[in-house]
Every structure is written in C-alpha cells, then in structure tokens.
1. I'd like to know if the range 40-47 contains one or more residues that are surrounded by fewer than 14 Cβ atoms within 10 Å (Cβ to Cβ) and either without any contact (Cβ under 8 Å) to a residue 40 or more places away in the chain or not in a strand (DSSP E or B) (or both).
2. Among residues belonging to the range 106-146 that are crowded, with 17+ Cβ neighbours inside 10 Å and touching a Ser or Thr at 6+ places or on another chain (Cβ under 6 Å), point out the one that is nearest to Val49 (Cα to Cα).
3. Quick one: which residue in Thr243, Thr267, Thr254 is free of Cβ contacts under 8 Å to residues at least 24 places away in the same chain, outside the structural domain of Glu177 (by TED's automatic domain parsing) and either under 30 Å from Ala173 (Cβ atoms) or touching a strand residue (DSSP E or B) at 6+ places or on another chain (Cβ under 7 Å) (or both)?
4. Given the conditions (1) over 21 Å from the mean Cα position of the chain (by Cα); (2) of a type outside the set (Val, Ile, Thr); (3) at pLDDT below 90, which single one is not true for Pro200?
5. Does the range 10-19 contain any residue that is assigned to a strand (DSSP E or B), polar (S, T, N, Q) and modelled with pLDDT under 90?
6. Could you list all residues from the range 116-172 that are of a type in the set (Ser, Thr, Tyr) and out of contact with any Lys or Arg (no Cβ under 8 Å at 6 or more places or on another chain)?
7. Can you pull out the residues in the range 180-228 that are assigned to a loop (DSSP other than H, G, I, E, B) and charged (D, E, K, R)?
8. Among the strands (runs of 3 or more DSSP E) confined wholly to the range 248-342, which include 3 or more residues that are out of contact with any Pro (no Cβ under 8 Å at 6 or more places or on another chain), among the small types (Gly, Ala, Ser) and modelled with pLDDT of 80 or more?
Amino acid sequence: MKKSTSLLLSGILVSGMVLGTIVTPVTVNAATQATTQADQTVTNYVTFVNADGNTVRSSQALQGTKGQKITFAPDGYTSADSSKAVFGNNGDSKTVTVAKMISVKVNYVDQNGNLVNSETVNGGEGNDYKLTNLPAGCTWNNDAEQTINLVDGKEYNVPVTKKVSNTVIFKTADETEVGRTQIFGDKAGVKVSLTDAQLPEGYTTTSKDLTLQNEGNTQFVTVTKSATDGITPIKGVVKVNVTMAHLYDKDGKTLSRSLGKNSRWQTNNKMVLNGVTYYQVSTTEWLKASDIIVEGSTNTTPDKDNNATDTTAQKPDVKAVTTKDKGMAQLYDDNGKIIESLQLGPNTPWATDLMKTLNGEKMYRVATNEWVKVSEIK
C-alpha cells in the first residue's frame, strides 16, 4: 500500500504572508487499484417502449455490465436501431426502444423488368435490413440498394443486373437426362467452368469447361456414373510381377492365398483404398497394383492349338463346392488349360457363380479364370 505525506498549514494570509503554525504530518492510505466501470455488474430496471413511446413491457430487472448497450427485447420484438440505452449505475431505471418483428417480401428485378427471384425477410419494423441473398447470376446495381428500411405491409422491388445465362442439361451416353443447372457470365463467348456442386450427384464429366452462348441458350453435357466406394469398372488382364503376390479382400486385409509370378488374371474392377490401388481377380480377391503389370484387354478366345469344346456358361446348380478330403484339386483356366501354379486344398469350400462343360467334363468357376472339375469335388 502506497503512503503519501502532506503538510497541512493553518493560519491566515496577511499581506502575502501566511501566519500560523505547521500541523503535524498525517498519513493517507491510497487504494491499490481503482474499480473500473467495466468491472461493475449492475441491475437496472428496464421499461420497453415502441417508436411512439407506448409501453410494450413495464419495468423488468436486467443485469449487465455498466456502460454496456442493452440489447434484450421482449418476445416478438427486437432492439430498435434508434435505441442507445446502456446499463447505468446499480438500481437505475432505463427506457429501451424496441421494434416489432415483421416479415416483408422482397422481389429482385433485372434490368429488363423481369422478376429474377423473391424471398421473405424478417426484422424489426423501422430498422434497416441489409440484403445478402443475391440471386445467382446477378450483381447489385449499387451498394445502397442492398439495404432496405422495413415497413410493415410493404413489398420491395430491388433492382439487380442479371448476367447472360444458359441452361445446362446433363445426359448420359444413352441420352438419359440426369440433371440441370444454370451458368452465368458477363457476355456470350466467355469461358465458364462448372462446379462440382452443379454436377448431378453421383456423376462426373471429362471436362467442366463451357463457352457461354447467347442469353437463354441450352447446352448439353455428357456425364458418367461415378465409381462407387473408390471402385472403377475396367476390363483387362494383369500379370503377377513378384515371386508370390498376396491376395487381399475389399477392405485391404491380407488373405491366406497368394498368386505365383508370371501368372495372368482377368480383372473387372480397379479400386483405390487409402491411397493404395488394387485390381480384382476374383469375387472376393484383389491384387495390389505394386505386385502386377496391367497388360491390357482380356482375350478369352481359345488358342488355335486348343480344341476344347466350350458350352455356354450358365448359372450353377449349387452355390458352393467343396474339394475332396484327400489330395489337391487342380485349377483350370477359361479354356480348360491347367493353371500350373494354382490348386485348391483338400476339403475346402468355394463359392461358385458359373458352371459349364469343357471337353465333356462339367466344371465350376471359383474365381475369375479359375475352374475346378466336378470330379475333384464332393
């Protein structure tokens, strides 16, 4: 605590001289920190009135910080723009002007007098309201026209400048319409790029760039269905490029099977999972792209030296097959050739999706380009 000392003189002033005695010095205790206005929480008794001075709600106790603006308003009202009331000393009475909440209709009209869009806005009667929902493809004529003063029952026509617009219709390769959008620009001939949000959900296109045509024209954009879950349909053949390539399921988990080096496999799907690319080689099995070489399109035509007779594959008469209890079950390709590097273990079940007859023997497909003879299953 700071101490200050003062000398007090008593006496009278005579001809410029002080006559009297010196009083003993006294010690005065000064406060260490002054209480500021911002630190004071006060209770004021507030009466709410409308712009005409009529009471909306009588005295109500409100707490706040001294000097802070009073923004509270009764239900159905909001603080009036003209209200400047702030919290005063504890126990003070205050009068706050409030505005009744109203709804008004706003019409946006272009330079040709055409209605572009309408909306309903809410605010306090007599208050200013800044419009922010500018219609797509339009600009404000000037900043002042963005603000309106709210009058109950009034309908507002706000002028805007509309840009040149074209309708874009999205179609698939078979001419099926899957969506529409609008594009805008300052004039015909300018380049406009479609946004992802404008494309139909679940579709993509090879190019999003368009050239704006004359006002009111329609443009057509071809789209394709987006890949689901990171899977892209493809047709091709992959060749194992490592000593043994592990197989994975659709979640990227390692399976118990592996494929030998230089073996070739048909693939129907490509998948990107957590940044890793996989190729599907059977119903539930995938190879990593890092373990293979993609060789191109599949050729399932029998070799000229292969005289195997192939009946049309059809839906199997069972959902799964199980190999015999003893010995390994040899696998064959689509043309009936032995796949040297692949066999099925004894007494193992395998899902099957097709069956056919090759060289007079019934066979079941257990993976892409992998078949097992009926004589090797139970």
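1. Checked the range 40-47: at least one residue is surrounded by fewer than 14 Cβ atoms within 10 Å (Cβ to Cβ) and either without any contact (Cβ under 8 Å) to a residue 40 or more places away in the chain or not in a strand (DSSP E or B) (or both).
2. Gly124
3. Working: Thr243 fails: either under 30 Å from Ala173 (Cβ atoms) or touching a strand residue (DSSP E or B) at 6+ places or on another chain (Cβ under 7 Å) (or both); Thr267 fails: free of Cβ contacts under 8 Å to residues at least 24 places away in the same chain.
The conditions single out Thr254.
4. (1)
5. For the range 10-19, residues assigned to a strand (DSSP E or B), polar (S, T, N, Q) and modelled with pLDDT under 90: present.
6. Here is the first cut: in the range 116-172, the ones of a type in the set (Ser, Thr, Tyr) are 118, 120, 129, 132, 139, 147, 156, 161, 165, 167, 172.
Answer for the range 116-172, where residues must be of a type in the set (Ser, Thr, Tyr) and out of contact with any Lys or Arg (no Cβ under 8 Å at 6 or more places or on another chain): Tyr129, Thr132, Thr161, Ser165.
7. In the first step, residues of the range 180-228 are kept if they are assigned to a loop (DSSP other than H, G, I, E, B); the result is 186-190, 194-202, 205-208, 212-217, 223, 226-227.
Listed by number, the residues that qualify are Asp186, Lys187, Asp196, Glu201, Lys208, Glu215.
8. Values: elements: 254-260, 264-273, 276-280, 286-288, 292-296, 320-322, 329-332.
In the range 248-342, the matching strands (runs of 3 or more DSSP E) lie at 254-260.
The values are calculated or read from the model by the stated rules, or taken from the named source; none is laboratory data. Only a predicted model underlies this, so the values are computations on that prediction, with no experimental measurement involved. For neighbour counting, all protein chains shown are included, and Cβ atoms are generated from backbone atoms with ideal geometry for every residue, glycine included.
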